[in-house]
Amino acid sequence: MFSSVLIANRGEIACRIARTAKRLGLRTIAVYSEADANALHVRVCDEAYAIGPAAAAQSYLVIEKIIAAAQGAGADCIHPGYGFLSENAAFSEACAAAGIVFVGPPPGAIRAMGLKDRAKALMEQAGVPVVPGFHGDKQDPAFLKRKAYEIGYPVLIKAVAGGGGKGMRRVERHADFDAALEAAQREAQSAFGDARVLIEKYVTSPRHIEVQVFADAHGNAIHLNERDCSLQRRHQKVIEEAPAPGMSAALRAKMGQAATAAALAVGYRGAGTVEFIADGTGGLKDDGFWFMEMNTRLQVEHPVTEAITGLDLVEWQFRIAAGEPLPLAQDQVGVDGHAVEARLYAEDPERGFLPSTGTLVALQFPRGQGLRIDSGVEAGDSVTPFYDPMIAKVIAHGATRDEALDKLADALEHTVVAGPRSNAGFLAALARADDFRQGAFDTSFIDTHMGSLGAVPHGLDRAATARGAQALLAKERARFAVSDRPASPWDAGDAFQLSGPRTLSLPVIAEGETVTAHVAYEADGPRVMIGDEAPARDAETIMAEDAVYVLRAGRQTKVTLRDHVLDEGADGGGGGLVRAPMHGKVLAVLVEKGATVTRGQRVAIIEAMKMEHTLTAPIDGVVTDVSALRDAQVAEGAKILVIEAQA
Ligand code: ADP
C-alpha cells in the first residue's frame, strides 16, 4: 500500500478521497489555485501546494504543475478524482514518467474510450450492443444527412469528443437536420476543438443505466451493480439511484457481463463506469440496452453504489493501483436495500438554473441513520464562479426505494443554504414526485415536469418578506436599545407620536424590489404587515451583517433595509439598469449608446460557468450609457448598461 497521495482535484471529491486515504494511513497532499487557498479540501489535507491562478486551465489542468507538486511533496501516487485531468491519457503517462502511480486506468484504456466513435467500434467488435447509427470517419453533411434518414428519425447527433452533453442535438425531422448538424459541429469545435460527430438512433423513453466496474492488474473484472441516472437536465445528471427501478437479476447479470466485457476489451484497470441507454417503454427489456460510452474514472454518483454494497470504492482504487487483486469475486457482491443521491447546487431553479455564487452565509445539513453528506464547502466558504457550483451530494440509504426517497426528500427539506440560492427545494420536489416514485420516468422527466417541480418564476414571497422586515426591525431596535413598551417616550427612533396609534413605514428591498412594510406598535409589541400579508411563521431567518435571508418552502428571500443599499438609489432605482447577474465575461454588447430598445430585447451576452446568459432590456427606452466592454470580466452586480425611459 502507498504511504502518501496527492489529490489532483478540489471540492467534495478531494475531501472524499482524503477521508479514505487518511483511514488507510496515507499522508494526504492537496493542491490549490489562488481562489481555493482557504478551501475545505486544503484544510482537511495534511499538506497543500499552490499551483497557480483561479482559472482551471492555469492550475488544476496543468500537468507539469501537478507533477512538480507531487515530486516536491514526495507523493507515492496521484488520485485525479473526476473531471479535470482524470480522463487525460497524457497525464497518466506523465505520472508514470515521473515514477508516480496514477490511481486510474492505463493510458491506452483512457484513449480507447476517449472518443465516442472509436469506443463504439471497439465495443461492436467485443460483442457489446451499441446504439444503431453511424460512427464512421466520413463527415460531409449530405452524407451524414442520408445516414440519418437511413437510421430513421428521431436521431441524436453527438460530438465524437463529447462530454457533459455538449455538441449534442436531437433531430425530429429530416428538414431540421442541416441546422442541427451545424449547431452540433459548432459547439463541438468550440468545446473540444474537434467538430466530428456521430449519428445515433434516438432511443424512445430512454433510461440512463450505468454499470460500475472494477478490473485489476491480474486480468480480473467484476461489476458492482448498476445505477439509474435517468433524472437529467440538459443531459446532466440530477438524481441518481441504485439499484435501477424495475431491474431483474437476469438483466443485471446480462448488463454486468456486457460491462465487464467492455472493460476487458480495452485492458482496463481500476474503477470505471460503462454507460448504457435503455429503452424504458413498458419496462426494461433483455434486448433493450445499448453501450453509450465508458467513463474511465470514479463517478460523481459512486456513493449510491457504496451504500448498497457496503464497499469503499476509493479504497478499492488505491488497492488495485498498488497492484492488489480485486478484493471480492462477483458472487460476493450483493445488493442491500436502495440508495439515492441528489446533487445540491448553488443555482436558481426559478431563473433557468442560473449559477448563484457568493458566500455561504449558512450551510447546515440534517444528520441521521442512512444519511450521508459529501460536501466540499462549509458555512462561511464561498461558491466562486471559477468551478462547478456544486455545494454537496446528499445520499440516502433505506431498506426500500420509498424509504430512501422519503429520507432524501426529508433531508433536503431540512437542509439550510443561505447566501447563494440552491436547488434544494427543487430536488426535494423531485424526490417526492408521484410518477418518479411509481417508476414511470425516463430522461425527459425533468423537462416535462418543470412547472410542478417549482422551477418557474414565482414572484416575490410577501409573507417571507414581512418576516424579513420583522427580523430587521428587531435587529435595529436592539441596536438602538429602544424599548418595545408602547408608551415609552424613549422610542423617538420609531415614529413616536403623542396621540393616536403609532405606525411606521419601513421601506425594504426584497429580491431587488422595493416594498414598504407597515409597522403598527401595539400593546404586545410591533406588528409588521406587507399589504395584507403577515410575517410567515413557517420560515427560518438567517441574519447576516447587511441582510436577512428568509428561507421558506425551499426558497430564499433576501431582505435588506432600503437605506442600506445606497448604491442602488444612486443608480436611480435600477429601473433601466442592466447589471451582470453573476461573475463572468462579457461576450458581446449588442447595442450602442443612443440606441432605442424595447423591453425584452437582447442587449448583452455574458459567459459564466461555461454557459451563455443573455441579458435583456428591462424597459423600453434609449441606451444612455454602456459601461461594459467586450471580453471584460465583470463582477456580480456590475453595471453593464443603462436604459432611460423615453418621455
Ligand atoms: P455526454 O458524454 O456528452 O454526457 P452521453 O453519450 O453520455 O453524452 O449522453 C448523455 C445523455 O444523453 C444520456 O445520459 C441520455 O440521457 C442521452 N442520450 C444519449 N444517447 C442517447 C440516445 N441514443 N437516445 C436517447 N437518449 C440518449
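Numbers at a glance
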| item | result |
| --- | --- |
| Residue order for 277, 606 - accessible surface, 1.4 angstrom probe, largest first | 277, 606 |
| Label point distance in nm, residue 253-residue 175, each placed 7 Å from Cα along Cα→Cβ | 5.1 |
| Most to least accessible of 502, 401 (protein chains only, probe 1.4 Å) | 401, 502 |
| Sequence of 393, 116, 639 when ordered by accessible area, the most exposed leading, probe 1.4 angstrom | 639, 116, 393 |
| Estimated FRET transfer efficiency when R0 is 45 angstrom, pair residue 149-residue 458 (beta carbons, to 0.05) | 0.50 |
| Amide H within-cut-off set for residue 27, under 5 Å, with H built and near neighbours excluded | 4, 5 |
| Cα-Cα pairs of the stretch 13-118 separated by more than 21 Å (percent) | 33 |
| Computed FRET value (nearest 0.05) for residue 191 with residue 142, which takes r as the C-beta separation and R₀ as 25 Å | 0.50 |
| Estimated [θ] at 222 nm from DSSP helical runs (n ≥ 4, -39500 (n - 2.57)) normalised by residues in the chain, nearest 500 | -7500 deg cm²/dmol |
| Interchain or long-range residues, amide H under 5 Å from residue 577's placed H | 643 |
| Directionally averaged shadow of the chain, computed from the convex hull of its alpha-carbon atoms, nm² | 32.6 |
| Surface accessible to a 1.4 Å probe, residue 338 within the full protein complex, Å² | 10 |
| Å² per residue, accessible surface of the chain at 1.4 Å | 42 |
| Ordering of 134-141, 70-77, 623-630, 54-61 by packing [mean C-beta count within 10 Å, highest first] | 70-77, 54-61, 623-630, 134-141 |
| Percent carbon-and-sulfur accessible area, the stretch 4-103, ignoring ligands, DNA and RNA, probe 1.4 Å | 53 |
| Dimensions (Å) - the stretch 568-644, Cα atoms, principal axes, largest first | 31, 24, 18 |
| Proximal charge balance of residue 24 [Cβ under 11 Å; K/R count +1, D/E count -1] | +3 |
| Spatially proximal lysines relative to residue 254 (Cα-Cα < 20 Å; intrachain offsets below 8 disregarded) | 120, 285 |
| Accessible-area composition of the stretch 337-457, carbon plus sulfur, in percent [1.4 Å probe] | 47 |
| With all protein chains modelled, accessible area of residue 403 [1.4 Å, Å²] | 80 |
| HN-Hα J in Hz across the stretch 211-221 - Karplus 6.51, -1.76, 1.60, θ = phi - 60°, x for Gly and Pro | 10, 7, 10, 9, 10, 10, 7, 10, x, 9, 9 |
| 17 Å Cα-Cα reach of residue 166 towards lysines, excluding residues that sit fewer than 8 places from it in its own chain | 116, 158, 237, 610 |
| Spatially proximal lysines relative to residue 558 (Cα-Cα < 24 Å; intrachain offsets below 8 disregarded) | 475, 639 |
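The values are calculated or read from the model by the stated rules, or taken from the named source; none is laboratory data. Note that the structure is predicted; figures quoted are calculated from it, not measured. Positions of Cβ are backbone-derived with ideal geometry, glycine not excepted, and every protein chain shown enters the neighbour counts. When the accessible area is computed, the model is the full protein with side chains, heavy atoms only, and any ligands, DNA or RNA have been set aside. Shrake-Rupley method; radii C 1.70, N 1.55, O 1.52, S 1.80 Å.
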